[in-house]
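The structure under discussion appears below in the form of structure tokens.
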């Protein structure tokens, strides 16, 4: 028994030593990899010319016999050789970017970095095509996203915005910056308006004898609240703020698309692509795939993405109680969000009251 005890003690000491060595090695490896890590993610560039060329060659290989395919390849090689010999002035390039927007426009940081990289190389002979999909979101978030696209216009580089599914509210704020807007026939476009909505559970609190105090310094520091009792004066001020934001939105759209009858389209309504074309909200009706595919005639057509870039969080005010107004003051927030939040608040309060009674 004494031998077994000594052997167990030896095994325990050995295992402890091995584990300590592994922990130290892991810590060193982690520090080294952290030091090598580059901030901001990586920029990935894909040449769309090669993608479309590969599609065409696959189709030709499947349809043509060997003799026809061989003759076609010789003809293509000869044409490429002649093109290289008689090289004329350099043609422009097409840079294709993607923006898939959520309510917080989380992809803005990636878009910012992509545009920064692009502007170091692109010239007025080139073109930028943005494939946009967004139903809108927070005012300040989409204002920042739109300002990134304005950098392209300010640099004198043509910008085309393509909408396959939806570019509404904050999404249209981004789209209107394009010199050309191309929409799919049934894409949802428009919603030039502002919506703010929040639940109020003050009566529920009173029903269960729960007091909630709101203390402010400044007459309009808090206009509408979730837990406190709202007043007509607060509602009027809140509506005034919405009207000011809406006017700024209208002025922004009118600046980039002066051909619009802004008062007729800035009603918060949405239109499908064909109807939007009739109201001059878009310039053409065809899917974004057609626009990108047509760019294959250019010498260089590339997509730029930053999959590892971190979403920008510094500009978001997501303090659930202290900043409810910012949270719900958004472009295109649907009423389901408010309903779900109200149900959740009711659940928590009912549970809390039930526990107090126990």
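The values are calculated or read from the model by the stated rules, or taken from the named source; none is laboratory data. No experiment lies behind these values; they were computed from the predicted model shown. Using ideal geometry, Cβ is built from the backbone for each residue, glycine included, and neighbour counts are taken over all protein chains shown.
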Test residue 136 against the criterion of being at positive phi and either at pLDDT 90 or above or part of a strand (DSSP E or B) (or both), and give yes or no. yes
Sort through 216, 223 and tell me the only one that's surrounded by 16 or more Cβ atoms within 10 Å (Cβ to Cβ) and over 20 Å from residue 133 (Cβ atoms). 223
Output yes when any residue across the range 166-180 is at positive phi and not in a helix (DSSP H, G or I), and no when none is. yes
Please tell me if residue 147 is surrounded by fewer than 19 Cβ atoms within 10 Å (Cβ to Cβ) and over 21 Å from residue 50 (Cβ atoms). yes
Got at least one residue in the range 78-92 being closer than 19 Å to residue 174 by Cα, loosely packed, with under 15 Cβ neighbours inside 10 Å and free of Cβ contacts under 8 Å to residues at least 60 places away in the same chain? no
Any residue at all in the range 190-198 that is under 22 Å from residue 108 (Cβ atoms), assigned to a strand (DSSP E or B), modelled with pLDDT under 95 and within 18 Å of the chain's Cα centre (by Cα)? yes
Which one is farthest from residue 92 (Cα to Cα), of the residues in the range 104-133 that are part of a helix (DSSP H, G or I) and in contact with a strand residue (DSSP E or B) (Cβ under 6 Å, 6 or more places away or on another chain)? 111
Selection over the range 249-270 where residues are touching a helix residue (DSSP H, G or I) at 6+ places or on another chain (Cβ under 9 Å) and over 20 Å from residue 179 (Cα atoms) yields a count of 3
Look at residue 221 and say whether it is farther than 17 Å from residue 99 by Cα and part of a helix (DSSP H, G or I). no
